[in-house]
Amino acid sequence: MMKKTITTIILIFVFQTINAQIQIGPKLGVTGYQVISGGSDALGVGIYAGGFFDYSLNAKTNLQLDIAYVEKGSEEGKNINTFNYLEFSSKFKFFTNNKENNTGFYVSSGLGFNLLLDGKVEKENFIIPKEDLNSFDFSLQLSIGYKTNKNLSIDFKLIDVSLTTTDFEFVDNNNNTLQFNLRNIGANFTLAYGFDL
């Protein structure tokens with residue numbers, strides 16, 4: 001009896017997977033980030049380049065997984081702070097209607113798992129190298145978007161904020177002790193084109 005139940009569950013899962021709408025494809029765009037560091041950092045512009053896997057759970061909900069190279073950072077005077085990540089993110093997309101192929105407007109929320117590929121922070125003529133930065137960053141993400149047709153999506157990530165911080169303390173040339181923490185906050189705009197599996 002137990003074997004039949006397990007077999008039935010597996011068959012249902014396989015049948016749903018076969019009939020589900022699954023898409024993969026490239027995702028490209030631009031980023032705008034600021035580093036919260038106790039200063040007056042200006043927005044830094046970078047690139048977003050990667051791909052996605054999108055699984056339609058039902059008529060109004062999709063699960064999407066992204067992997068991308070993401071440039072984050074900011075400028076403070078002549079100082080340039082850079083954080084280049086390999087980002088893995090997962091999110092649920094909630095569509096506002098029941099159109100075929102889940103097209104139309106959507107909102108999404110999810111989490112980002114960022115691995116630092118390269119980075120450098122300049123503060124008060126003090127340079128913090130990559131080795132002293134967090135190699136991992138965990139972020140909360142919130143987006144709105146529009147799927148124009150079966151394949152093309154426009155996504156605007158309104159909020160991408162670090163949930164992890166790096167704290168520093170150092171003495172400047174005038175023997176003043178400076179303390180600050182680093183945390184990324186920003187947004188990005190991307191275009192994605194999906195191919196059916």
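Quick notes on this one:
- Verdict on Thr96 being under 27 Å from Thr166 (Cα atoms) and hydroxyl-bearing (Ser, Thr, Tyr): no
- Selection of segment 119-135 for residues being in contact (Cβ under 8 Å) with a residue 24 or more places away in the chain and aliphatic (A, V, I, L, M) yields Val121, Ile128, Leu133.
None of the figures in this text is laboratory data; all of them are computed from the coordinates on show. Here the structure is a predicted model, which means the values were calculated and not measured. Neighbour counts run over all protein chains shown; Cβ positions are idealised from the backbone, glycine included.
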